[in-house]
1. I want to confirm something. Restricting to region 103-113 and keeping residues that are surrounded by 12 or more Cβ atoms within 10 Å (Cβ to Cβ) and over 13 Å from the mean Cα position of the chain (by Cα), which single residue is nearest to D90 (Cα to Cα)?
2. Sort out which residues of region 125-152 are in contact (Cβ under 8 Å) with a residue 60 or more places away in the chain and under 11 Å from T28 (Cα atoms), and write them in order of number.
3. Do you know which residues across region 114-124 are crowded, with 22+ Cβ neighbours inside 10 Å and without any contact (Cβ under 8 Å) to a residue 24 or more places away in the chain?
4. So, in region 47-104, exactly how many residues are part of a helix (DSSP H, G or I) and not aromatic (F, W, Y)?
5. Could you list, in sequence order, all residues of region 82-102 that are polar (S, T, N, Q) and within 19 Å of the chain's Cα centre (by Cα)?
6. Need pairs with beta-carbon distance below 6 Å; first residue of a type in the set (G, A, S) and within region 22-38, second part of a helix (DSSP H, G or I) and surrounded by 22 or more Cβ atoms within 10 Å (Cβ to Cβ); sequence gap 6+ or separate chains.
7. I need a count of the residues in region 153-179 that are touching a residue at least 60 places away in the same chain (Cβ under 8 Å) and either under 16 Å from A108 (Cα atoms) or surrounded by 14 or more Cβ atoms within 10 Å (Cβ to Cβ) (or both).
8. Condition (residue is farther than 15 Å from A18 by Cα, in contact with a Pro (Cβ under 6 Å, 6 or more places away or on another chain) and of a type in the set (A, V, I, L, M, F, W, C)) applied to region 58-75: is it met by at least one residue?
Amino acid sequence: MPRSPLLLDACVVINLAATDHLPLIAQTTNVTFALARQAAAEVGYLRDLVDGDVTLTAIDLDSYDGATVQTITLTPAEYPLYVNLAGMVDDGEAATIAVAAKRGIPLATDDRKARRVCAELQLADPMRTLSILHSYADMAGLQPAHLRNLLVKIRDRASFQPPRSDPDFKWWHKIVDNN
């Protein structure tokens, strides 16, 4: 069965890449993560602690197979909306929202402004990093210690802290704070 596409903005792909389980997350949740070229260009680095020093590790999207991550180029029909949205949100979010709106593909973003723009465009409520991870954890039947390790990696390597408004905020803290 072919996987469904899920558009990600740069922040969400950075968070998921921090787990070192991006292909497994895509496979388990039966999605192919898609990024607009503009969002892919914003994907940067993870922070790793090596011998007591912080080292930046580049995220290489090309290292993932096409079933895990695909890069999408805007079509001519998507450019006007992209240009309009780029005045409100970053280029990556603008391109991601334009593709979602024009192609009817669901998207994921944690960015508050981008989520507001999606609501104004009457798009489906975007997924968030934690909703993707919560689904993955449930589908994979992850053990608590393994799940905590993944969430701590996101916190430390991607500098991610969910906002209190995230529906999975309590789930995150229950797992991360459980020592």
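1. K113
2. Selection gives I132, L133, S135, Y136, M139, A140.
3. C118
4. Residues flagged as part of a helix (DSSP H, G or I) and not aromatic (F, W, Y) within region 47-104 amount to 21.
5. T96 - this is the single residue of region 82-102 that is polar (S, T, N, Q) and within 19 Å of the chain's Cα centre (by Cα).
6. Close Cβ pairs satisfying both conditions: A36/A95; A36/T96; A36/V99.
7. The number of residues fulfilling the criteria is 6.
8. No; the residues of region 58-75 include none that is farther than 15 Å from A18 by Cα, in contact with a Pro (Cβ under 6 Å, 6 or more places away or on another chain) and of a type in the set (A, V, I, L, M, F, W, C).
The values are calculated or read from the model by the stated rules, or taken from the named source; none is laboratory data. Quick caveat: nothing in here was measured; it's all calculated off a predicted structure. Heads up, the Cβs are rebuilt from the backbone with ideal geometry, glycines too, and the neighbour counts pull from every protein chain shown.
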